[in-house]
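Note sheet for the following structure.
The values are calculated or read from the model by the stated rules, or taken from the named source; none is laboratory data. Bear in mind the structure is a predicted one, so any value in this text is a computation, not a measurement. Cβ coordinates were reconstructed from backbone atoms using ideal geometry, including for glycine residues, and neighbour counts include every protein chain displayed.
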Amino acid sequence: MIDDFSRRIFVRRLTFLGGGTVLLGNACKRDEKPDAGAAPVLPEVLTTSHRSFTNAEWLTLCAAVDRMIPRDEDPGALDANVPEFIDRMLQTPELPQIKTNFAPGLAALDRRAHRMFNKGFHEATPAQQDELLAIFKDSPEKSGEARWYEMLTVMTLEGFLGDPNYGGNKGEAGWKLVGFNLVGRNVKGDPKAPYDGSQTLHQLHCGGGKGC
Amino acid sequence: MPNDVVDVCIVGSGAGGAPLALELGKAGFKVVVLEKGAWYRQDEFVHDEILNSRRNFFMPLPWDEPHLWRLGPDQPFTRSNEAWTANCVGGGTVHMSGYFYRLKPVDFRQKTELGAPKGSNVVDWPISYADLAPYYDKAEIELGVSGNAVPHPFLEPRKGNYPLPPLTEHPVAGEIDKAAKSLGWHAIPTARGIISREYRGRGACVYCTLCGSYGCEHGAKSSTLASLIPAAVNTGNVEIRPKCMAVEITVDAKGDAKSVVYLDKDGVRPEQEARVIVSSCTAVESARLLLNSKSSRFPAGLANNNGLVGKNLLFSSFGQSKATFSSKKFEWLESPMPFVNRSVQDFYTMPDERFGFRKGGTLGFMWQHPNPIFAAMGLAGKGERGVFGKALKDKLRAYRDSRILEFEIYGEFLSNDGTSVAVEPSVKDKFGIPVAAITVKRHPMDFAMTKFLVERGEEVLSQLQPDRIDRVGVQGETTILQGGTCRFGKDPATSVLDPDCRAHAVKNLYVVDGSFMPTSGGVPVTLTIAANSFRVADKMIARLKKGV
């Protein structure tokens, strides 16, 4: 056999089911923190507009998702309110590890920006920001940096292309970009039917039993 | 906290558990079905990709309820959600795509007709296609299957056509027909567990396109949730208990199965006694349940006195390629109809060893699933081949302006000593129950076979003149299609279950999910599991009526 395990495909299975498995599972089951230690002290300020991040983390997050999906002739991640989506999603109780790991990754990105360019990530030029993100993206597969980048990709794309009721995909900007215009995204084909995905996720987490 | 004794307690409400519950209820027996997942209403099925495909609406999260997974006994285990199917009333039939094929007569006599490849554990089934055929008819009627059984050289014997006419097809189906014919092959209609017309009070398919991975809010998908479960409950004899996780099956002093101990949604740990106990919670989870049911009579797990529970695990061999068309290229691309419903079975078996295998499988053609996050994750890639920024946006726009036709392989998965399920006592799920540990060692012939089938599929795609064809791979396995961990057979030394799917070693214990299957078949096995459960129901009812 020429083929061996190292060349195996890992995209198994999902068209049979349909649209892919819980990709998030792979991104957030690890708990290593990227580049832990030697962290500069960040101001621990939480505002009412963002509940999962300090102000410094928020600035880094907004700048990072803006480079992931920048605005050009079509709307980008900031136009679609992706940071708002991530902030809200990290408040859901079912993703404790994402919540634990995501913010330290932002801090690590910011530290790297200070080391390389003597300024915060959000103050760097777009080219510098891209260079920093590429370093994280191209880090060894099991490194904290690569895993955090994967988490950033997952959260950005969920926020850009997920149901708008979670706070992202504002004006269905993401759906328009990829041409997703299927009728009946909600119950019985009524796109205006009331629906609260966050509440549904919460009920999944608590199991619906006593104390839910 | 014991409940009243019932006639039959069934663990699991999917393709295996539900037919049995329905038939027992109709025959007047009292049945309790324990289902670990929720009992969703139709209006809870929402077209929300994040909820359905990316969280724990259907599948458990790997840190709550992992399956340990490794490729070969020398590899470390990783925590995974591989080999789970939907955890809810209806099980995997709720989020399935519903490709409802029958096995073929050769699948029941594979060793005799095609031989057992060296290093495999291929055996003949203890029953024949003729034994199962009437129950295929019954399953198709009870669940509701739409299709058109056109004559072709590989058509399995069947009495008549499907109970419902075929779903409206996308015009690409006709293009595939022409392409296959030009190659000397046969593109045949794929039957679907989706109803094309109103049927028994269920609404017809509305062609919403979000089908696989989603529950159907119209009841058009022929899940057991939409079809058999309501009928079973209507008998007045069947109680479904959702959010009840089976922990173990106990035995009495004689070694007969006595009760199922389970955890309910409030964390209470009741016990359900029954005259007959049935496990039907997937091949992986049924093996786990039996292996976790240790007693002085069965110290290695219930019905595992010969050490075969969990052995000979089967999945379906997977391979895939995708053809991308710019959306303006052909007029027929503009149709929004979701269903391609074409299969090629010309390579289900091979006449000789020339290409390195005798038993092949099925190619199923379909449009790529429209889930946008799923598509974008694939386009973003990862590592040094991954992209972001303008490069990613350009890919997203190109995706918008194209259509992607794909096929996937449902190929024979050769059973072997290296592919099995065990339980790992040191790793427990959120309920505190030791988890299933899955080791997969693929037989090299599987890969040769899948590669051959993928190449044939690419020939079909090429005939359609796409802009490009990308091979996804030839070495995968579809783990939601599973079987084999309690294979049935006549010899108690070499099988766990008898030909009626009753444990050789425990006369009132049955397993009716895919576990009984000694070979995987070259098609998705959902319909076969349901048909077999209807068959077992007849056997079990005859015994219960005689008081044994």
Pull up region B:173-212, narrow it to residues that are buried (at least 24 other Cβ atoms within 10 Å of the Cβ) and more than 17 Å from B:Phe100 (Cβ to Cβ), then point me to the one that is nearest to the other protein chains (Cβ to nearest Cβ). B:Leu210
List pairs: first in region B:467-479 and away from chain A (no Cβ under 12 Å), second of a type in the set (Asp, Glu), Cβ under 8 Å, 6+ apart or cross-chain? B:Ile469/B:Glu458
Among residues of region B:67-81 being closer than 18 Å to B:Ala283 by Cβ and more than 8 Å from every other protein chain (Cβ to nearest Cβ), the residue surrounded by the fewest Cβ atoms within 10 Å (Cβ to Cβ) is B:Arg70
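Does B:Pro518 meet the test of being assigned to a loop (DSSP other than H, G, I, E, B), touching a Gly at 6+ places or on another chain (Cβ under 8 Å) and farther than 26 Å from B:Gly418 by Cβ? Let's see the steps before the verdict.
Working: assigned to a loop (DSSP other than H, G, I, E, B): yes; touching a Gly at 6+ places or on another chain (Cβ under 8 Å): yes; farther than 26 Å from B:Gly418 by Cβ: no.
So B:Pro518 fails the test.
Filter region B:355-373 for residues that are under 26 Å from B:Leu51 (Cα atoms) and in a strand (DSSP E or B); which is farthest from the chain's Cα centre (by Cα)?
First, the residues of region B:355-373 that are under 26 Å from B:Leu51 (Cα atoms): B:366-373.
Filter again for in a strand (DSSP E or B), leaving B:366-367.
Numbers: B:Met366: 18, B:Trp367: 20 Å.
Per the criteria, the residue is B:Trp367.
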Which numbered condition B:Val206 misses (of (1) at pLDDT below 95; (2) in contact with a Leu (Cβ under 7 Å, 6 or more places away or on another chain)): (2)
Scan (1) at the interface with another protein chain (Cβ under 10 Å from one of its Cβ atoms); (2) buried (at least 18 other Cβ atoms within 10 Å of the Cβ); (3) of a type outside the set (Val, Ile, Thr); (4) closer than 27 Å to B:Ser53 by Cα for the single condition A:Leu133 breaks and write down its number. (4)
Region B:73-87 residues that are under 16 Å from B:Phe58 (Cβ atoms), paired with ones that are β-branched (Val, Ile, Thr) and part of a loop (DSSP other than H, G, I, E, B) (beta carbon under 6 Å, 6 or more apart): B:Asn81/A:Val22; B:Thr85/B:Thr282
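Kindly provide the set of residues from region A:156-212 that are assigned to a helix (DSSP H, G or I), modelled with pLDDT under 80 and among the polar types (S, T, N, Q), ordered by number.
Of the residues in region A:156-212, the ones assigned to a helix (DSSP H, G or I) are A:156-161, A:164-166, A:170-178, A:187-189, A:197-206.
Still in the running and modelled with pLDDT under 80: A:187-189, A:197-206.
Matches in region A:156-212: A:Ser198, A:Gln199, A:Thr200, A:Gln203.
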Only one of B:Phe298, B:Phe347, B:Phe315 is aromatic (Phe, Trp, Tyr), touching a helix residue (DSSP H, G or I) at 6+ places or on another chain (Cβ under 6 Å) and surrounded by 16 or more Cβ atoms within 10 Å (Cβ to Cβ). Can you tell me which? B:Phe347
Output for region A:67-102, where each listed residue is small (Gly, Ala, Ser) and touching a Ser or Thr at 6+ places or on another chain (Cβ under 7 Å): A:Ala77
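Tell me yes or no: at least one residue of region A:84-104 is assigned to a helix (DSSP H, G or I), farther than 20 Å from A:Asn169 by Cα, of a type in the set (Gly, Ala, Ser) and without any contact (Cβ under 8 Å) to a residue 40 or more places away in the chain. Walk me through it before giving the result.
From region A:84-104, those assigned to a helix (DSSP H, G or I) are A:84-89, A:96-104; that's our starting set.
Adding the requirement that they be farther than 20 Å from A:Asn169 by Cα leaves A:96-104.
Subset that is of a type in the set (Gly, Ala, Ser): A:103.
Cutting the leftovers down to without any contact (Cβ under 8 Å) to a residue 40 or more places away in the chain gives us none.
No, there is no match, as no residue in region A:84-104 is assigned to a helix (DSSP H, G or I), farther than 20 Å from A:Asn169 by Cα, of a type in the set (Gly, Ala, Ser) and without any contact (Cβ under 8 Å) to a residue 40 or more places away in the chain.
Between B:Ala448, B:Ala437, which is under 25 Å from the mean Cα position of the chain (by Cα), more than 23 Å from B:Ala375 (Cβ to Cβ) and in a strand (DSSP E or B)?
Values: B:Ala448 fails: in a strand (DSSP E or B).
None of the other options fit; the residue is B:Ala437.
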